[in-house]
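Let me begin by presenting the structure, written as structure tokens, before commenting on it.
Just so it is clear, none of the values below were taken in a lab; they were calculated from the coordinates. This one's a predicted model, so the numbers in the text were calculated from it and none came from an experiment. Glycine also receives a Cβ, built like all others from the backbone with ideal geometry; neighbour counts cover every protein chain displayed.
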Amino acid sequence: MPSHTALDTDRISRIVRRAGFAEIERVRREGDRFLVDAVSGDGAAFRLALDASSGDIIGRERLGWARFDHSPRALALQAPDAD
């Protein structure tokens, strides 16, 4: 018989990081799913929906770019030129 116990926010955060997201901004439970605001490695901001029981990502919406892009590419572009 499958378990219908919801995962906790720490487990959801680990799942999102393993899916390639570099930063987790917010994790909140809404009914049978978690909504997570996360930033990908290239600085794109997303809102993800994860099934609360399985942790499967069941939806994603691109929100734009993170306010502060900490990706290696962005940091290289922001570095001052060496004289």
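Remarks
- Count of residues meeting criterion [of a type outside the set (A, V, I, L, M) and crowded, with 18+ Cβ neighbours inside 10 Å] in region 23-36: 2
- Restricting the search to strands (runs of 3 or more DSSP E) fully inside region 1-65 and requiring at least 1 residues that are without any contact (Cβ under 8 Å) to a residue 12 or more places away in the chain and not aliphatic (A, V, I, L, M) gives 21-30, 57-65.
- Matching residues, region 37-56, being surrounded by fewer than 15 Cβ atoms within 10 Å (Cβ to Cβ) and within 11 Å of the chain's Cα centre (by Cα): Gly41
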